[in-house]
Every structure is written in C-alpha cells, then in structure tokens.
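> Input: one structure, supplied below.
The values are calculated or read from the model by the stated rules, or taken from the named source; none is laboratory data. Please read these numbers as outputs of a predicted model, since none were measured by experiment. Every residue, glycine among them, receives a Cβ derived from its backbone with ideal geometry; neighbour counts consider all protein chains shown.
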Amino acid sequence: MFRANTTKKYLHAALSLFMLFAAAGCAQKTVKPASGSVTSLPVETALVSPTPTELNKRFIPAKIVRVVDGDTMKVSFTEAGKVKEETIRLLLVDTPESVAPDKPVQPFALEASKYAKDMLTNKDVKLELDVSERDKYGRLLCYLYIGDKMFNEMLLENGYARVAYVYPPNVKYVDQFREIQKTAQLKGINIWSVENYAQEDGFHETETKEHSEVYYNNCTEAKAAGAYNIKKGEPGYSSKLDRDHDGVACEK
C-alpha cells in the first residue's frame with residue numbers, strides 16, 4: 001500500500017512538471033498578423049523601432065525634370081495627391097557657373113553640367129532635407145540621392161564641385177564632404193587641375209588665365225583649334241588634359 005501511494009505521488013509530480021514545461025513553450029508561440037499569415041518571430045522581437053539615423057532623414061521621392069547646371073535641377077514630386085515642380089539647389093557644394101546671365105561660362109562648368117545631365121536626366125531620385133528647407137531665392141535645399149549614392153558627394157569625388165555655402169544649421173554632412181574634397185584635390189582632377197582656380201571664396205578665373213593664356217575644356221576642343229602635344233608650361237596645357245602625366249597634353 002505504501003509503495004502504491006508513493007508511485008502515485010511520483011506520477012502526479014511528473015505530470016505537474018510536464019504541464020509547467022508545456023506552459024513555458026506556449027510563451028514562444030508564433031504571432032499571427034492581421035493578414036492571417038504566420039511569422040516565426042517570438043513575441044518580443046515582432047516589433048522593431050526605426051533607428052535614430054532613419055528618423056533624422058526626411059526623404060522625398062522625386063523625378064528629375066531638367067538639369068539646369070551642375071548643382072541646380074528642376075524636379076517633380078507628388079504632394080497631397082498633386083504633382084508639384086520645384087527648383088532644387090544642392091546643399092554644401094558649388095560647381096562653376098554655366099548659366100549665370102551676368103557671368104561668362106567658367107572653366108569646368110560645362111563638364112560639371114554634362115556630368116549632371118548624364119547621371120540624372122529623367123531619373124527617379126530621392127531628396128533629403130536638412131534643417132532650413134529653402135534659400136533666399138525660394139529654391140528647395142537638399143542632398144540628392146540616385147540609387148544609394150548621394151549626388152552631392154559624387155560631384156566632389158569627381159572634382160566638379162567645391163565645398164561651399166556652409167551656413168548653419170544646414171551642415172549635416174560638411175565634415176565628410178571636406179574629406180572627399182581633400183581626396184579630389186590630391187588627385188588634381190578637374191577644378192583642382194589648375195592651381196588656385198577653386199578657392200574657399202569661389203572660382204578665380206584670373207588665376208586660370210595667369211596659369212595659361214589659352215584654356216581648353218578638353219582635348220577634342222584643343223585639337224579642333226589645332227593644338228597637339230601641348231607641353232607643360234606652354235599655353236593651353238593643364239594636368240587634366242595630360243592623362244598619362246608625362247608632361248605632354250593632347251598627344252597626337
């Protein structure tokens with residue numbers, strides 16, 4: 001009799017332990033969303049909050065309507081169900097002038113504009129705003145993305161723009177922009193190929209003229225003018241045209 005009662009007690013204890021393990025397992029059951037599909041995520045990991053970086057970015061999907069020049073474009077986007085057009089100005093960068101009515105076309109302006117047109121015409125893009133949204137001309141100030149690349153940075157990387165118009169509070173990326181600019185300067189590409197042309201306060205065409213009495217945007221232009229094998233120090237020479245860096249530009 002004693003053994004039978006002891007056996008019953010062990011059975012009850014084992015059953016109680018089994019029920020406890022079963023209850024613990026229920027806590028990790030899958031969650032069923034409103035759609036009726038089942039996700040295998042535990043309850044505690046089903047909801048994910050946006051990161052601070054994502055919260056700090058305000059993206060606007062847009063389409064390029066027209067490239068005005070290297071740092072200015074017209075875009076269209078939908079707002080409150082209506083298609084709206086805006087002129088945008090890229091933040092913290094400046095390309096040489098190609099369309100200013102009171103200025104001649106500056107060196108490397110046409111190249112910067114062509115680069116922008118080649119990369120952006122009719123493309124879907126994203127606009128990221130900073131703190132202040134507009135400049136004194138009413139243009140929308142932004143960082144422009146094509147795919148996962150920021151076009152402001154692409155201009156700096158390729159020597160088509162300098163870091164400029166650094167006005168707080170719109171300085172979100174200024175430090176990394178300056179680092180990118182340093183790399184382009186060391187390479188001596190485009191606006192950095194002519195000494196003292198691109199400076200902190202703007203583009204100095206007088207410096208370009210002192211460097212070379214004759215200026216060519218590219219070797220096609222030089223050859224059309226009959227200029228071949230331009231040696232370093234001669235009119236028309238620039239390191240940009242000397243692709244193999246042997247001291248002779250636009251070799252025939």
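> Restricting attention to region 195-214, which residues are under 16 Å from L110 (Cβ atoms), out of contact with any Pro (no Cβ under 6 Å at 6 or more places or on another chain), among the hydroxyl-bearing types (S, T, Y) and at pLDDT below 80?
Matches in region 195-214: none.
> Among the residues in region 159-174, are any at pLDDT below 95 and touching a Gly at 6+ places or on another chain (Cβ under 8 Å)?
Looking through region 159-174, none of the residues is at pLDDT below 95 and touching a Gly at 6+ places or on another chain (Cβ under 8 Å).
> So N218 passes all but one of these: (1) surrounded by fewer than 18 Cβ atoms within 10 Å (Cβ to Cβ); (2) touching a residue at least 40 places away in the same chain (Cβ under 8 Å); (3) within 19 Å of the chain's Cα centre (by Cα). Which condition number does it fail?
(3)
> Also: Would you list the helices (runs of 4 or more DSSP H) that sit entirely within region 151-252 and hold 2 or more residues that are among the acidic types (D, E)?
Here the list reads 151-157, 174-187, 205-211.
> Continuing with the same structure: The conditions are (1) among the basic types (K, R); (2) more than 24 Å from N196 (Cβ to Cβ); (3) buried (at least 17 other Cβ atoms within 10 Å of the Cβ), and R162 fails exactly one of them. Which is it?
(2)
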